[in-house]
Each structure stands twice: as structure tokens, then as C-alpha cells.
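Read the structure below first, then the notes.
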Amino acid sequence: MKIDGYDKFMTLGRDNADALIRSGAAALKGFEEMSKASQTLAAKTAEQVDAAVRALFACRTPTDVADLQNKLARESIETAIAQGRMLVELATTTYTAALEPLNARFAAFQTTAKTAA
């Protein structure tokens with residue numbers, strides 16, 4: 001009987017370690033994706049800033065400058081909201097994927113505890 005309990009204990013530990021490894025791998029993959037997305041957004045932002053400065057210098061009248069500033073402000077807000085949503089979605093996906101193996105282990109433990117009681 002002791003060996004059976006020991007085997008169950010070892011299996012539990014091995015399954016828990018495996019879940020931690022899978023969780024860490026999912027988190028690492030998600031962080032890599034978020035990093036790539038952030039780099040892409042930074043490059044796009046730099047391009048947009050360059051284009052905006054060029055457009056501002058091309059303006060001939062104060063009215064043109066004001067109209068362009070309004071347009072750029074509106075576009076900046078829309079872009080920031082879209083980028084923020086994308087990053088939140090990536091973070092949520094990463095969080096969910098990283099917790100999935102741990103939640104499965106917790107559920108398995110609860111089932112084991114209920115059947116043992």
C-alpha cells in the first residue's frame with residue numbers, strides 16, 4: 001500500500017511539474033508575441049510621426065495647419081485605441097494560455113481530493 005501511495009505522489013509531482021513547464025512555455029510564447037507586436041507598433045508610430053511632421057511642414061496657411069492638426073489628433077486617438085485593444089487581446093490570450101495547464105491540474109487535484117474523501 002505504501003508503494004501505491006508513493007507512486008501516486010510521484011505521479012502528482014510529475015504532472016504538476018509538467019503543468020508548470022507548459023504554463024511557462026505558453027507565457028514565454030505570449031511575451032514574445034507581445035514584444036514583436038510592440039516593436040511593430042513602435043516602427044509604425046515612428047513612420048506616422050515622420051509623415052505627420054512632413055505634412056505639417058508642407059502646410060501653406062495657418063488654416064491648413066489647424067485642419068491637419070485636427071485630423072492628426074483624431075487619427076492618433078483612433079490608432080491608440082486600436083493598438084491598445086490589440087495589446088490587451090494579446091495579454092489576455094497569453095494569460096489564459098499560461099493558466100490553462102495550472103487550472104487543469106487544480107481541477108484534477110479537486111477531483112482526486114473528492115474521490116479520496
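Every read-out reported here was derived from the displayed coordinates using simple, explicitly stated rules and does not represent laboratory data. Quantities reported herein were computed from a predicted structural model and do not represent experimental measurements. Quick reminder, even Gly has a Cβ in these numbers, built from the backbone with ideal geometry, and neighbours come from all protein chains shown.
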>> Given R₀ = 30 Å, what would the calculated FRET efficiency be for Leu12 paired with Tyr95, taking r from the Cβ atoms and rounding to 0.05?
In response: 0.75
> Over segment 2-116, what is the mean sequence separation of C-alpha contacts under 8 Å (at least six apart), divided by residue count, expressed as relative contact order in percent?
Replying inline: 55
> To the nearest µm²/s, what D does Stokes-Einstein give for segment 2-116 at 25 °C and 0.890 mPa s, using the Kirkwood radius over alpha carbon pairs as Rh?
Replying inline: 133
>> Can you give me the Rg/Rh ratio for segment 52-117, using Cα atoms for both radii and the Kirkwood formula for Rh?
In response: 1.57
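About the Cα centre of the chain, how large is the charge dipole given +1 on each Lys and Arg Cβ and -1 on each Asp and Glu Cβ? Please answer in debye to the nearest 20.
260
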> If r is the Cβ-Cβ distance from Thr112 to Ile21 and R0 is 22 Å, what FRET efficiency results, to the nearest 0.05?
Replying inline: 0.60
> What is the spin-label model distance, in nm, from Ala42 to Glu75 if the labels are put 7 Å beyond Cα along the C-beta direction?
Replying inline: 2.3
> Given Pro62, Gln48, Ala82, which one lies farthest toward the positive end of the charge dipole of the chain, if we put +1 on the Cβ of every Lys and Arg and -1 on the Cβ of every Asp and Glu?
Replying inline: Ala82
>> Within segment 2-116, how many Lys pairs that are eight or more residues apart, or on different chains, come under 22 Å at the alpha-carbon?
In response: 4
>> Net charge within 12 Å of Ile81 by Cβ-Cβ distance, Lys/Arg positive one each and Asp/Glu negative one each, not counting Ile81 itself?
In response: 0
>> If I fit a long axis through the Cα atoms of helix 2-58 and take the longest principal axis of the Cα atoms of the chain, what angle between them do I get, 0 to 90°, rounded to 10?
In response: 0
> Mind checking the dipole of segment 49-109: about its Cα centre, +1 per Lys or Arg Cβ, -1 per Asp or Glu Cβ, Debye to the nearest 20?
Replying inline: 40
> How far is it, in nm, from the label point at Arg54 to the one at Lys29 when both lie 7 Å from their Cα along the line to the Cβ?
Replying inline: 3.9
